[in-house]
Every structure is written in structure tokens, then in C-alpha cells.
Amino acid sequence: MFARWREVARRYGFVEWDGPVLESTDLYRKKSGAEIVDQLFNFTDKGEREVSMRPELTPTLARVVAAHERSFKKPLKWFSIGQFFRYEKQQRGRLREHYQLNCDVMGASDFAADIELIALCIDILRSFGLTEEDFVVRMSDREFWTDFLHQQKLPAERWEEVLQTIDKFGREPREKTEEKLGKLAGPVFSIFDKGGRSGKLDRLVDGLGARGLAGFVDIDVKIVRGLAYYTGTVFEVFDRAGKLRAIAGGGRYDNLIAQLSEGAVSMPALGFAMGDVVLGELLRERTAAREKLAAAVKEQNKIDIYVVIAKEQRRADALEQIQELRDRGYRVDYPLTPEKVARQFQTAESAGASITLLYGDEWPQVKVKNLATRQETLVTTEALLDSVAKFFRVSDSA
Ligand code: HAM
């Protein structure tokens, strides 16, 4: 999973970074919003500081970028794969520790960045063999709601509270939402029923449509996201069947860097995070995706060469050769202790080796066996490196 995440993020020109796992609790208190603060794994350290295991990466990212922005050319396109901790009630799809891929773009205010980021999120899921029948990106825009609340003449201090209520709609009984929204309930429910739209959301769909990705997205203004810092486009990814928790979520947070640097650095930003837990559940359910992942794991773990030591007297010679082959970049394995030859060949097969090199009675010749064709050739030790190089050149180009 991590290899795919990394590969596709790099395909989009993102570079990898990471931050600390422990942060000051204040960083989240100020920036993430009430829901995450309730879920913090926090404690007082030996220096009497209030610290937390990170529940998410975005506040750290904003802090780091605000402090070092001059060292980098904009826009910054960064990704990170790391472990996160939330003291949540454990349930299907939500655990107390999980891994996330975070992809963020900083210093890009143009709408093109929003489209690029959502396209990346879709392409990552496609790389696992998932299709538009398996998942959907539900896109929305916080500005749609803040414009609405402005029209409704609701004071700006109360916007966050309303957005949080909308975010919980679907997870809470309708009556509870109604009660919390008060006189806004009527207009809000009417938007839910009609399915709100805006020019900006339509442009988002068009931009993704131009890349052939329109089938993967839906507009859904009920999505506002639970985290406090979002300012514009927001989105969440769900399985089509609607059985699982969100696979990924993100959006624009144009004010966070300025807030964290007390106005010293102002930089628009947007990003998303995808978790391993729900994605893992979806991949396990989809046969094609599951098989694709299993094949990729097998391919990734394959070795090139297995060295069979048939005569223990040849072990030192074999090790000298193994060292040289590994120096040249081949993946080489061999038995650490004496073993029957037949067993060594079994290990070679199960490790996915392409060839075996047998060190035995034929010394100073080595028996090279192509495990796919079963063809065997005797090669002198002097000619061995060239012969191995030729084999992999030919099989790589085939
Ligand atoms: P989030 O929606 O809180 O966003 O988390 C992103 C994803 O992480 C979720 O969709 C889910 O798959 C996974 N996840 C979160 N909590 C858990 C958990 N307890 N167990 C398993 N998986 C979990 C953020 O964290 C934002 N910081 C994303 C972001 C990056 N926004 C901008 N840049």
C-alpha cells in the first residue's frame, strides 16, 4: 500500500517529507477543532510540557512551512506517509493508531491546484485497481455555506458551530440536527433536499471531466469536514456501496499558515489524507484489487538470485560472490546454515528467484539454473558476473 502511495504521489511531482510524532498539545487545541481535541493521546512530559501524539499532520505541516518557507520554491508539493494516533472509540474503520498518506500543495491559490489534488487522490485509488464502481469522491465547498450563512445574517463567530452540525448530519438523528440548527434548519434541509450547487463546484467537476475523471466525483454539499481549518473546496472519499467510513478527506485551508505564524507568513494551501484502515477493508472486499495487491507484494518481495550451497567447503567462495552480486544491486539470498540441496531449491522457488547459482562439485565452475526454463549451464567463476548481467539484461528487455 505504501509503495503505491509513494509511486503515484511521485508521478504527480510530490516530494516526501515527515514531521515529528510528538507535538505541543496547543498546536491541536488552537487549530484542529473540538472533535480532534477530544481524541488526543496527550500527556505531560518530564519537563512539565503538555504534549500529544499527532492525530493528524496538517498543523505540523503548516508550522514547518511557516518557519522555513523561504528555503523552498513555490508551490510546494509535499507528501508524507506516517503513523497517527487518535483516542477514538475503536470500531470498524476507526482504530487508535493508523497510517495516513498526506499530500499537500502550498503556495497555489489557483483552482487548478484543487483539480490536480483531487485527480491525484483518484489516481492513487485507481492504481490499486479500484474503479468508479468501487469509490466516489464527494466534493463540496465551505464557501457555499459561508456565503449562505452570510445571507442568513448569522454572525461569523457562529459559523463554525453550524458547519460542525452539518458535518455530523447523517451520523446524528435528524431531530438533533434540527434542534441544533434552530431557525436555520428549514433552509439548510431544503438545500440538502434540492442538492445545492455552485459555479465553483461545477467548474471542479468540469476540470476533472476534462481528464476523464468525472465518473469518480459527485457534488454533495452535506460534506463540510470536521476539522476547523478548511476555507474552500472540501472533499471526502467513500466506497460506492456506502458501507464503510471515509477512505480519505481533505480540502483547502488558506488561512492556517497565516494563523500559525501570527500573520508572518501567509500562504494558500490545500491537501488531503488517505488512511490505511478503510482502504485496506475495501481492497480486501474487491477480488480484482485484492489479487492485484497480492501480485504486487509478491513482485516487490522477489529476489533475483538464490545461491545454493551444495558443498559446505564452497561456502566462503559463495559468500565472496554474493557480496559482489549485492554490490552490483542484485537481490541475492542463500541459506545461513547447511541445508539439503532440494530444500534450498524450494526456498529459491518460493522467494521468486529468477536464477540459482549452485556451488558444489563443479567448482571452479558454477551451475547457473534458469528457474523459468529449468535450463542449466556451467559457467567459470571469472565469467559469472558477465553471464548474470547478460541474463538480467535479456530478461528485463523481454
Ligand atoms: P481526516 O478526515 O481526519 O483528515 O483523516 C483522513 C483519513 O484518515 C480518513 O478519511 C480516514 O481514512 C483516516 N483516519 C482518520 N482517523 C482514523 C482512525 N482513527 N482510524 C483509522 N483511520 C482513520 C485529516 O486528518 C486531515 N489532516 C487531512 C488533510 C491533509 N487536510 C489537508 N491536508
In whole percent, the fraction of accessible protein surface over the chain that belongs to carbon or sulfur atoms, probe radius 1.4 Å, stands at 49 percent
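Report the gain in length on full extension from R174 to D38: 0.36 nm times residue separation, minus Cα-Cα distance, nm rounded to one decimal. Walk me through the numbers before you get to the answer.
Numbers: separation 136, 0.36 × 136 = 48.96 nm, distance 2.34 nm.
Between R174 and D38, full extension yields 46.6 nm more.
State the extension gain, in nm to one decimal, for the chain segment bounded by A351 and T131, taking 0.36 nm per residue of separation less the distance between their alpha-carbons.
Details: separation 220, 0.36 × 220 = 79.20 nm, distance 3.12 nm.
Here the answer is 76.1 nm.
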Counting only pairs 8 or more places apart or on different chains, how many lysine pairs in segment 276-398 have C-alpha atoms closer than 18 Å?
-> 9
Within straight-line cross-link reach of K153, lysines at Cα separation under 20 Å, skipping those fewer than 8 residues along the same chain | K180, K183
Sort H98, H150 from largest to smallest accessible area, using a 1.4 Å probe on the heavy atoms of the protein chains.
-> H150, H98
About its Cα centre, segment 86-192 carries a charge dipole, from +1 on Lys and Arg Cβ atoms and -1 on Asp and Glu Cβ atoms, whose size in debye to the nearest 20 is 660 debye
May I ask you to derive the relative contact order of the chain, considering only C-alpha pairs under 8 Å and at least 6 residues apart, and to give it as an integer percent?
-> 15 percent
How would you classify segment 14-166 from its alpha-carbon gyration tensor, with a ≥ b ≥ c the square roots of the eigenvalues: rounded for a/c under 1.5, else prolate if a/b is greater than b/c, otherwise oblate?
-> rounded
Pairing the Cα long axis of helix 2-11 with the longest principal axis of the chain, what angle in degrees results, from 0 to 90 and rounded to the nearest 10?
-> 70 degrees
Residues whose placed amide H lies under 5 Å from that of T231, excluding near-sequence neighbours = R252, Y253, D254
With 0.36 nm assigned to each residue of separation and the Cα-Cα distance removed, T377 to F392 gains 3.9 nm
The answer for the net charge of residues other than A113 whose Cβ lies under 12 angstrom from its Cβ, with Lys and Arg +1 and Asp and Glu -1, is -2
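Given a 1.4 angstrom probe, what's the average accessible area per residue across segment 13-122, in square angstrom? Spell out each step's value before the answer.
Details: 5230 Å² over 110 residues.
For segment 13-122, the per-residue accessible area is 48 Å².
Starting from the coordinates of the alpha-carbon atoms of segment 232-365, obtain the Kirkwood hydrodynamic radius over all distinct pairs and give the value in Å to one decimal. Kindly include the intermediate steps, with their values, before the conclusion.
On the way: mean 1/r = 0.0507 Å⁻¹.
Hydrodynamic radius (Kirkwood, Cα pairs) of segment 232-365 is 19.7 Å.
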So what's the angle, to the nearest 10 degrees on a 0 to 90 scale, between helix 315-327 and the longest Cα principal axis of the chain?
-> 40 degrees
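Relative contact order of segment 155-313: what whole-number percent is it, with Cα pairs under 8 angstrom and at least 6 residues apart?
13 percent
What's the longest uninterrupted piece of the chain once you rule out the GluC sites (Glu not before Pro) that are loop residues per DSSP with at most 12 other Cβ within 10 Å? List each step's numbers first, then the result.
Numbers: sites that count: E48, E133, E262.
By the stated rule (loop sites, at most 12 other Cβ atoms within 10 Å), 263-398.
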Mind jotting down the three principal axis lengths of segment 270-347 based on Cα atoms? Whole angstrom, largest first.
-> 59, 32, 17
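Probe radius 1.4 Å, ligands and nucleic acids left out: which of F43, F128 has the largest accessible area, and how do the rest follow? Let's see the in-between values first.
On the way: F43 90, F128 5 Å².
I get F43, F128, largest accessible area first.
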To the nearest 10 degrees, how steeply does helix 341-350 sit against the main Cα axis of the chain, on a 0 to 90 scale?
-> 30 degrees
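How do K243, K311, K176, K194 stack up against each other in accessible area, from largest to smallest, with a 1.4 angstrom probe? Working shown, then result.
Numbers: K243 130, K311 70, K176 100, K194 160 Å².
Ranking K243, K311, K176, K194 by accessible area, largest first, yields K194, K243, K176, K311.
Given R₀ = 41 Å, what would the calculated FRET efficiency be for F2 paired with A214, taking r from the Cβ atoms and rounding to 0.05? The partial results should precede the final answer.
Numbers: r = 29 Å, r/R0 = 0.71.
My answer for the efficiency is 0.90.
The values are calculated or read from the model by the stated rules, or taken from the named source; none is laboratory data. Everything numeric in this text was worked out from a predicted model, so none of it was measured. Cβ: placed from backbone, ideal geometry, glycine included. Neighbour counts: every protein chain shown. Accessible surface areas use protein heavy atoms only, side chains included; no ligands, DNA or RNA. Shrake-Rupley method; radii C 1.70, N 1.55, O 1.52, S 1.80 Å.
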